[in-house]
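Since the structure comes first, as structure tokens, the remarks are kept for the end.
Nothing in this text is a laboratory measurement; each read-out follows from the coordinates by a stated rule. Just so you know, these numbers come straight off a predicted model, no measurement behind them. Don't worry about glycine lacking a Cβ; one is built from the backbone with ideal geometry, like all the others, and counts go over all protein chains shown.
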């Protein structure tokens, strides 16, 4: 045993020596590998990322894998290969290879060497010049944040093993505080407006000096003045004087706002700024470079706007003017141009517009807006090939047609369809069946109107700056030999608007869905887990002489016999309850659905850009279904069916209320470390015409974007040990936390913990293990944990996660912790982009 320990210890010593020496393999004798930076501020170490990012040189990664890969590359391989290729003698491999083969082999070596360099990380060689620049950058940082008496030095420790460490010593001194603030304004127009802006000033008396606040204040004042008629004003006209002489660490500030500089042939003349108004707004609806000098053919004046066309006018005036915020006979506001650009682009009818202001006199402007329409018709076409557990192969065609400005109001009409065929893998398939025995057809119609389509005027409630739009969709689909062979029809009338850049509201006024199952008899062929449980129960009581139940006749007869007490099973037995549950689930999944709902969604997204990693997202949604149909049924005096439910089109329509809350928060911890959390709560309560929630509207647990230790639909409900293919319920709680960090290059890692479950509540399910009965039911929250890898392809992120069942509520009578915490029972998830 002692000898084994000595061998293991010797191995680690040799390995450490080898890797340590190989780190400086590409470091010259007179050079040093930078291994550590230490920043000391006022005698204390500062490990903040803010200061670390100011350094011009940073050591290689703590895990030197990429450095080892780089060191495997040969630095002068180009010259070596050139000599080999120039050598005409028949030596070595040249005796067996042709000239072309030898050249290709040497070329592959070059490519491999380049790959090693690109994948690896070059050693960071200490540079004293860069160290000096780093000190200067740190000093500038502190000066810009109010420490004017900053001093900085550095110390380099060069070691005999070609390594070096740098220590930066910074002394800040006292911070300077803003004392007095004054203004020197040349133009009367600016002097009149300026007092309105002082209330929200970013430079305030008594606060510490920060250069960024002065830059932002100059930008703020400039923007406000340009939005109050000062067409010619620019940020450069604002300068700041700082006085710190003899002020005892105080800063006296003076803002200078100069007159406008007007260039003449001989000199530059200073003139006071004047307030401009926009008199005319001219809109050229079909402008191109080719017709720039051709005469106007058609023109319209609408609400003071002048609309021109080089051909026939193709647009209703209101459709265009609703997207234009530059109004005739109004004060010039620079923000109006920004709003106009954004709203014209949202019409999806024009290329990027061109807006040009022309001075008519000293105080009047004309705004010329040039619009270039996109093509009226746009065709799309795509194909798909897929395979799954229900089909060997599937082929699909997806054509689409987009028609712009279909009703001359900048509306967009989209038609898309799907035609698919496939070959099923059903075990009872006959040899005489065609190879492609699966087919699906779908058609989707979508009309987008760039305003609120309503018989009522909504401009005062939802003004046009909120980018209101109306969405009308109608879709239908039919499928054969897929599941229960469904036919579906749906239609939506919805509105969306954005009160701010961070908030989006959506109201689906009418959302109707009709689903019809055509092949109910095939239920047990589709839901094989239910069949196996039913068949096992039948064999346990020798119902069919021990033979398997035939689908559908014998399965349906067996269920009927059990529930009619025509078998040896009694209502108090567990198998009797299981058969009853199978029957209830069969009825639930095979029933036709008719849903007429209204929903409202609220989304607040605090992201400032796609690269922002410090933000929060809050989503809220509430949906009510069946209320309108229930009231209409009562008013019309319709009769209820045997189950005390109203029917429409021979279908009992659904009635429920459903709400969801979803919150996501990310914290940027620096150095490519992100901590993210997500919380979700959802509940759907049936009432009136319904005892349960339609399957399509229920909640499920598990999957790549939920609790990753369980596959989708495998978790819950509650502590039940259901083995159904699709477990669902009408109450859901989900919590997730994830630490994301960079490994090297574009490869990132993650550690995560997911918690949550689903339950039945206030519906017709009475299984105590599946229902939420109070706070004690929170003991059934499942916990999964694990790790993952993410590779960033820039345009999308590939994700691989491994989830382990950490706390499994299905273990009711024993310890629930870490029973299946191993790779054998782990769940492997593949996803695109982050789960939240």
Notebook entry, point to check: Efficiency by 1/(1 + (r/R0)^6): what FRET value for residue 640 and residue 814, r their Cβ-Cβ distance, R0 = 56 Å, to the nearest 0.05?
Noted result: 0.75
Margin query: Using the basic label-point model (7 angstrom from Cα toward the beta carbon), what is the residue 345 to residue 385 distance in nanometres?
Written below: 3.8 nm
Next item on the list: Using DSSP, restrict attention to beta bridges with both residues in the chain and report what percent are antiparallel, rounded to the nearest 5.
Entry: 90 percent
Notebook entry, point to check: Expressed as a rounded percentage, what relative contact order does the chain have, with Cα pairs under 8 Å and six or more residues apart?
Noted result: 5 percent
Note to self: Given the DSSP H assignment, sum -39500 (n - 2.57) over each helix run of at least 4 residues in the chain and divide by its residue total; what's the result at 222 nm in deg cm²/dmol, nearest 500?
What the structure shows: -6500 deg cm²/dmol
Next item on the list: Just rank 198, 25, fewest to most, by other beta-carbon atoms within 10 angstrom.
Entry: 198, 25
Next item on the list: Report, largest value first, the span of the C-alpha coordinates of segment 177-271 along each principal axis, in whole Å.
Entry: 48, 29, 22
Notebook entry, point to check: Extension gain residue 673-residue 149, at 0.36 nm per residue separation less the Cα-Cα distance, in nm?
Noted result: 185.3 nm
Margin query: Sequence gap at least 6, Cα distance under 8 Å: using those rules, report the relative contact order of segment 177-271 to the nearest whole percent.
Written below: 36 percent
Checklist line | Where Rh is the Kirkwood radius over Cα pairs, Rg/Rh for segment 705-786 | finding: 1.11
Notebook entry, point to check: At residue 109 and residue 327, where each label point lies 7 Å from the Cα along Cα→Cβ, what is the point-to-point distance in nanometres?
Noted result: 7.7 nm
Notebook entry, point to check: For the peptides 697-708, 172-183, what is the packing order when you average, over each peptide's residues, the other Cβ atoms within 10 Å and list the highest mean first?
Noted result: 697-708, 172-183
Item checked: Inter-label distance, nm, simple model (7 Å from Cα along the C-beta direction), residue 338/residue 631 -> 4.3 nm
Next item on the list: Determine the distance separating the Cα centre of segment 305-320 from the Cα centre of segment 449-512; give it in Å without decimals.
Entry: 27 Å
Next item on the list: Determine the shape class of segment 520-590: with a ≥ b ≥ c the square roots of the Cα gyration tensor eigenvalues, call it rounded for a/c under 1.5, and otherwise prolate if a/b is greater than b/c, oblate otherwise.
Entry: oblate
Notebook entry, point to check: How big is D, in µm² s⁻¹, for segment 303-443 by Stokes-Einstein at 25 °C and 0.890 mPa s if Rh is the Kirkwood radius over C-alpha pairs?
Noted result: 127 µm²/s
Notebook entry, point to check: Using r as the Cβ-Cβ distance of residue 235 and residue 279, and R0 as 30 Å, what FRET efficiency do you calculate, to the nearest 0.05?
Noted result: 0.65
Next item on the list: Assuming R0 = 35 Å, can you tell me the calculated FRET efficiency for the pair residue 473 and residue 294, based on Cβ-Cβ distance, to the nearest 0.05?
Entry: 0.30
Checklist line | Cα-based Kirkwood hydrodynamic radius, segment 627-753, one decimal, Å | finding: 17.9 Å
Next item on the list: Could you tell me the distance between the Cα centroids of segment 773-791 and segment 267-283, to the nearest Å?
Entry: 64 Å
Notebook entry, point to check: What translational diffusion coefficient, in µm²/s and rounded to a whole number, does the Stokes-Einstein relation yield for the chain at 4 °C and a viscosity of 1.567 mPa s, taking the hydrodynamic radius as the Kirkwood radius over Cα pairs?
Noted result: 37 µm²/s
Next item on the list: For residue 408 and residue 395, calculate 0.36 nm times their separation in residues minus their Cα-Cα distance, and state this gained length in nm to one decimal.
Entry: 0.9 nm
Next item on the list: For segment 224-292, go through all pairs of different Cα atoms, get the mean of 1/r, take its inverse, and jot down that Kirkwood value in Å.
Entry: 16.3 Å
